[in-house]
Amino acid sequence: MNDSLLDENAELRKKLDSFHSTDILKDSLVHVKIGPVDTTKHTVKFADYTYRTAHVINNSLNASDNYLTIDRGASDGISKNMAVISGTGVVGRVEHVSSHFASVLSVLSAKLKVSAKLKDGTNGFVVWDEKSPDILVLVDVPQQIVVKKGDTVFTNNFSLYFPPDVMIGTVVKSEVQKKNAMQLIYLQSSTNFHSLQYVYVVGNKMAEEKKQLEDSTAKK
């Protein structure tokens, strides 16, 4: 029953993603037509993300860099750097892959930071405070931004791997750093890493093209 629900949720996430990735284009050069013919615009749907279900078969919580092992690998279409999310939020990113298994670098790691946003659109990065598997920290937020306890934090459009609008956590408290006048915003993780059993492995079909473009631009 759990497997069936997991697969059903993966299909629902794909459908939701199609709404995120719908552009209305007024361009005579666009030839893709979906739905009724409209002489002024075409609706082009880009299926940017794929979702694959997996079971968590190992999970560490107490190291400085924590990893999960999942029961899906290269033979299932899993590859390095794919995002991993739970039914409630961000989990991590695929680090190593064998034929039938993959290790996932958890967001509970000093090596991983996730591009994120507050509900008003303010962007920053979420990192782990390395103290508790329940608490994450949103950094790079100016002190003048008003943040309240209970505010939600989500992934944004800047991430190369995570789809936008995946929940990361809720605000517990915030404090201003005197050295740079930026806020540290502490979050209760929306994913319960203590009882994590099922995840979705997310593939961004546009990730490699975007990375190549940004890398080539940075070299100039």
Criterion first (in contact with a strand residue (DSSP E or B) (Cβ under 7 Å, 6 or more places away or on another chain) and polar (S, T, N, Q)) does Gln144 satisfy it? no
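Yes or no, residue by residue, for (1) among the charged types (D, E, K, R); (2) free of Cβ contacts under 8 Å to residues at least 24 places away in the same chain:
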residue: His100; (1), (2): no, no
residue: Ser103; (1), (2): no, no
residue: Ser132; (1), (2): no, yes
residue: Asp140; (1), (2): yes, no
residue: Gln144; (1), (2): no, yes
residue: Val153; (1), (2): no, no
residue: Lys179; (1), (2): yes, yes
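For the range 170-188, indicate whether the set of residues that are of a type in the set (Val, Ile, Thr), farther than 24 Å from Asn66 by Cα and either open to solvent by less than 20 Å² (accessible area, probe 1.4 Å) or out of contact with any strand residue (DSSP E or B) (no Cβ under 6 Å at 6 or more places or on another chain) (or both) is non-empty. Before you say what the answer is, go through the steps one by one.
From the range 170-188, those of a type in the set (Val, Ile, Thr) are 170-172, 176, 185; that's our starting set.
Within this subset, residues satisfying the condition of being farther than 24 Å from Asn66 by Cα are 176.
Pick out the ones that are also either open to solvent by less than 20 Å² (accessible area, probe 1.4 Å) or out of contact with any strand residue (DSSP E or B) (no Cβ under 6 Å at 6 or more places or on another chain) (or both) and you get none.
The answer is no, given that none of the residues of the range 170-188 is of a type in the set (Val, Ile, Thr), farther than 24 Å from Asn66 by Cα and either open to solvent by less than 20 Å² (accessible area, probe 1.4 Å) or out of contact with any strand residue (DSSP E or B) (no Cβ under 6 Å at 6 or more places or on another chain) (or both).
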Out of the residues in the range 110-130 meeting the condition of being assigned to a loop (DSSP other than H, G, I, E, B) and on the phi < 0 side of the Ramachandran plot, tell me which one is least open to solvent (accessible area, probe 1.4 Å). Leu112
Any chance Glu95 is modelled with pLDDT of 95 or more and of a type in the set (D, E, K, R): yes
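Which ones in the range 136-153 are more than 17 Å from the chain's Cα centre (by Cα), hydrophobic (A, V, I, L, M, F, W, C) and closer than 13 Å to Leu184 by Cβ? Break it down stepwise before answering.
Filtering the range 136-153 for residues more than 17 Å from the chain's Cα centre (by Cα) gives 140-151.
When the remaining residues are screened for being hydrophobic (A, V, I, L, M, F, W, C), the result is 141, 145-147.
Result: Val141, Ile145, Val147.
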Residues that are in a strand (DSSP E or B) and either more than 14 Å from Leu68 (Cβ to Cβ) or of a type in the set (Gly, Ala, Ser) (or both), drawn from the range 87-102: Gly92, Ala102
For the range 181-201, name all the residues that are out of contact with any helix residue (DSSP H, G or I) (no Cβ under 9 Å at 6 or more places or on another chain), in contact (Cβ under 8 Å) with a residue 40 or more places away in the chain and part of a loop (DSSP other than H, G, I, E, B). Ser190, Thr191, Asn192, Phe193, His194, Leu196
Can you find a residue that is surrounded by 14 or more Cβ atoms within 10 Å (Cβ to Cβ), within 15 Å of the chain's Cα centre (by Cα) and free of Cβ contacts under 8 Å to residues at least 40 places away in the same chain anywhere in the range 74-86? no
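Among the candidates Leu105, Leu68, single out the residue that is under 29 Å from Leu213 (Cβ atoms) and in a strand (DSSP E or B). Quick ask: steps written out before the conclusion?
Details: Leu68 fails: under 29 Å from Leu213 (Cβ atoms).
Within the list Leu105, Leu68, the selection yields Leu105.
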Based on this model, can you work out whether Ser159 counts as touching a Ser or Thr at 6+ places or on another chain (Cβ under 7 Å), part of a loop (DSSP other than H, G, I, E, B) and within 30 Å of Gly77 (Cα to Cα)? yes
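The values are calculated or read from the model by the stated rules, or taken from the named source; none is laboratory data. Fair warning: this is a prediction, and the values are worked out from it, not measured in the lab. Positions of Cβ are generated from backbone atoms using ideal geometry, with glycine treated the same way; all protein chains shown enter the neighbour counts. Keep in mind that these areas ignore ligands, DNA and RNA; they rest on the heavy atoms of the full protein, side chains included. Shrake-Rupley method; radii C 1.70, N 1.55, O 1.52, S 1.80 Å.
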